[in-house]
Amino acid sequence: MPGTTEHQQRIILGAVYFAPGDAVLSRKLRDTLEAMHGVSLSMDSLRGELLRLQDVGAVDVKGDMVRLTEYGNDAFFSRIKLPGWL
């Protein structure tokens, strides 16, 4: 995925934010990233990014379901910066 870690993570947070309902399946998220943003990721790469986002509290991952936390919502809207973001 081209770009910085911040850019990659912000795209993922946005895709989760705009997903219908309060959670999204990781496979659906991968499809959305590719169709809407031109970002092609393997499931392993996406899971790695989701685990990093979960480690800092931006998303909650349970099985294949991904939910945006309030912290992740704040990061998506640039109210806060996640660790590693400039």
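Laboratory data are not the source of any read-out in this text; all were calculated from the coordinates shown. Keep in mind that what you see is a predicted model, and the values were worked out from it rather than measured. Virtual Cβ from ideal backbone geometry, glycine too; neighbours counted across all protein chains shown.
Numbers for the structure displayed
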item	result
Shape call, the chain: gyration tensor on alpha carbons, a/c limit 1.5	rounded
In the chain, the chymotrypsin sites (Phe, Trp or Tyr not before Pro) that fall in loop regions by DSSP, at most 12 other Cβ within 10 Å	Phe77
Which of Leu13, Leu53 has the fewest Cβ neighbours within 10 Å, and the rest in rising order	Leu13, Leu53
Helical contribution to [θ] at 222 nm, DSSP H n ≥ 4, -39,500 (n - 2.57), averaged over the chain, rounded to 500	-16500 deg cm²/dmol
Long-range amide H partners of Val39 with built H, under 5 Å	Glu34
Fewest-first sequence of Ser78, Ser26, Ser45 by Cβ atoms within 10 Å of each Cβ	Ser78, Ser45, Ser26
The chain - percent relative contact order, Cα under 8 Å, separation 6 or more	33 percent
